[in-house]
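Below: the structure, in structure tokens.
The values are calculated or read from the model by the stated rules, or taken from the named source; none is laboratory data. On a predicted model such as this, the values are computed, not experimentally measured, just so you know. All Cβ positions, glycine included, derive from the backbone under ideal geometry; neighbour counts span all protein chains shown.
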Amino acid sequence: MNKLRQIIRLYCQGTGTKTIHGMVGTSRTTVKKYVHVWHKLGITHDEFNEKSDNELSVLFTTPAAKTINSPRMQELELLHPGYCKRLKKKGVTREALHLEYIQQHPGGYARSRFNNAIDTYLQLSKPVMHIDHKSGDKMYIDFAGSKLQFHPADGHQCDAEVFVAILGCSQLTYVEAVESQRKEDLIKACENALHYFGGVPAAIVPDNLRSAVTKGSKYEAVLNDEFAAFAEHYAVTIIPARVYKPRDKALVEGAVKLIYRSIYQRLEGRRFNDLESLNAAIRSALEIHNNKPFSGRSYSRSEQFEEIEREALRVLNPIRYEVHKQVMVTVMKNGYIRLGEDIHYYSVPYTYIGKKVKVLYTSGIVQIYYHYTQIATHKRDRARYHYTTNKDHLASQHRFLTEWTPEKFIQEAEQIHEDVARYISQVLENKSYPEQAYKSCSGILSFARRVGPERLANACRWADNLSQYNYPVIEEILRKQLDQLQPEGEQVAIPSHKNIRGKEYYQ
């Protein structure tokens, strides 16, 4: 303000602007501007001297003062609210607004001055708060608007989403190309970022992505269950940015703009066959970006991270997080649920037959829940159309059936008599599938409780002599009490009966 007072005093004394420029050391343009504003204000030199430095600052240096009584600027200022409101709409650009402005006001400002006026209005109408980022406090994440491409062996082009993470304090940046913005890819990229940084911040600030936030809110957003489980695994808080408030994560928005210049340009013109090769190239460019000194400073992001932020990060969970896929299914009547991805069946307690249950599964385990209570867990098996069974889940009658095996029947028969065991072995061998003979074996062995072991052993010897190996033959022998007759030799003739046909019948 001292120079301003000197300029006005010298001008009132009749000194020319060129001479004032040499005496005060201020550019002639600035001298002319101050003199112009003084004339527009219409005040005397004495009134000028009575004003304080603060009042003079307001009159001579604020944007309003610089354009005082300018008809063109006053005209444009009236249009600012409407223009800035329309700029929020998708597809509306400053260039389009300027063309409209020139058509309606042919003598208006050129595009550069028009844009500066818009910026000045936005800065005055929306003051921005400076945020001091504490070390180890927040990691901001987002996806870049522009995608990268890779070309698999079949030749078609695939688009890759570009994930960006940045630490608030040191501004150390992590970039990775992923297949999509699905929760599986988002969680994997977040986890890779934590491992790249070598620690866990106090909070992660995502945008309102569907893969991270189920329902956005100005006050408290609802997190996606899987992303919340990931945060719990690494003991980190998720603080989503407010809806339509990009300044909540301005740091990562700025990081995205920087990687367009520092990473995208380095990849331009190069061809990649898969995500792995694309990410390898990104990692090389990322190291250059992080190790490049800040503009106007003597240190880089990596140096600042090592100095002030690495020690502030918390220790990583040594166990990698596995994404839990989720599906709702109904327990079938046989007491199993069907995991559609593998077409494999898993048992649940039979009391839940007909109930809807939630299945959470990873690459190695299948967990089944009913109303937030875990009712079954199994090791994941990808064998199609197979069954994984926990015998404790089955009803008593079903559990008994699952215990039927050839060895079990032979062992039980041996406890009765060796002839019974030999006969049971023949029953099992004479069926294409042993399971077909299980009911016959069970029925034959039940005769030991009804008629006694001795009669059953005799009946088995009679049937064995006849080379008949099934339940009806034993039942008939015992019913006719043929087992009490003593067979003569190896072959014993059975008494005549209308249902028994001799060899003559087939002549």
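Applying the set (1) surrounded by fewer than 14 Cβ atoms within 10 Å (Cβ to Cβ); (2) closer than 30 Å to Arg9 by Cα; (3) at pLDDT 80 or above to Met73 leaves exactly one unmet item: (1). Scanning the range 352-374 for residues that are of a type in the set (Val, Ile, Thr) and surrounded by fewer than 13 Cβ atoms within 10 Å (Cβ to Cβ) gives a single hit, Thr373.
A single member of Tyr109, Tyr101 is surrounded by 14 or more Cβ atoms within 10 Å (Cβ to Cβ), on the phi < 0 side of the Ramachandran plot, at pLDDT 85 or above and not in a helix (DSSP H, G or I), and it is Tyr109. Among the criteria (1) under 25 Å from Asn290 (Cβ atoms); (2) among the charged types (D, E, K, R); (3) modelled with pLDDT of 80 or more, the one Lys183 does not fulfil is (1). One residue alone among Val327, Val323, Val315 is in contact with a Gly (Cβ under 8 Å, 6 or more places away or on another chain) and under 30 Å from Cys169 (Cβ atoms), and that residue is Val315. Among the numbered conditions (1) in contact with a Ser or Thr (Cβ under 8 Å, 6 or more places away or on another chain); (2) modelled with pLDDT under 65, the only one that Tyr471 does not meet is (2).
Looking at the range 462-480, I want the residues that are of a type in the set (Ser, Thr, Tyr) and have a partner that is assigned to a loop (DSSP other than H, G, I, E, B) with Cβ atoms under 8 Å, at least 6 apart or on another chain. Which pairs are those? Between residues of the range 462-480 that are of a type in the set (Ser, Thr, Tyr) and residues that are assigned to a loop (DSSP other than H, G, I, E, B), the close pairs are Tyr469/Asn430.
Within the range 174-192, restricting attention to residues that are in contact with a strand residue (DSSP E or B) (Cβ under 8 Å, 6 or more places away or on another chain) and in a helix (DSSP H, G or I), the residue that is surrounded by the fewest Cβ atoms within 10 Å (Cβ to Cβ) is Asn192.
Of all the residues in the range 221-280, those that are in a helix (DSSP H, G or I), within 25 Å of Val315 (Cα to Cα), modelled with pLDDT of 80 or more and touching a strand residue (DSSP E or B) at 6+ places or on another chain (Cβ under 6 Å) number 1.
Whether a residue is surrounded by fewer than 13 Cβ atoms within 10 Å (Cβ to Cβ), hydroxyl-bearing (Ser, Thr, Tyr), at pLDDT 65 or above and under 60 Å from the mean Cα position of the chain (by Cα) was assessed, and Ser446 passes this test. In the range 31-56, the residue that is surrounded by the most Cβ atoms within 10 Å (Cβ to Cβ) out of those that are free of Cβ contacts under 8 Å to residues at least 12 places away in the same chain and of a type in the set (Val, Ile, Thr) is Ile43.
Condition check ((1) at pLDDT below 90; (2) touching an Asp or Glu at 6+ places or on another chain (Cβ under 7 Å); (3) in the same structural domain as Lys188 (by TED's automatic domain parsing)) across all residues:
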residue	(1), (2), (3)
Met332	yes, no, no
Tyr346	no, no, no
Val366	no, no, no
Ile375	no, no, no
Arg382	yes, yes, no
Thr388	yes, yes, no
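Listed by first and then second residue, the pairs with beta-carbon distance under 6 Å, at least 6 apart or on different chains, first residue in the range 252-266 and touching a residue at least 24 places away in the same chain (Cβ under 8 Å) and not assigned by TED's automatic domain parsing to the domain that holds Asn291, second exposed (fewer than 13 other Cβ atoms within 10 Å of the Cβ) and part of a helix (DSSP H, G or I), form an empty list.
If you go through the range 142-177 and keep only what is farther than 21 Å from Gly254 by Cβ and within 16 Å of the chain's Cα centre (by Cα), you end up with just Ala160. If you go through the range 396-424 and keep only what is under 57 Å from the mean Cα position of the chain (by Cα) and modelled with pLDDT of 60 or more, you end up with Trp404, Thr405, Pro406, Glu407, Lys408, Phe409, Ile410, Gln411, Glu412.
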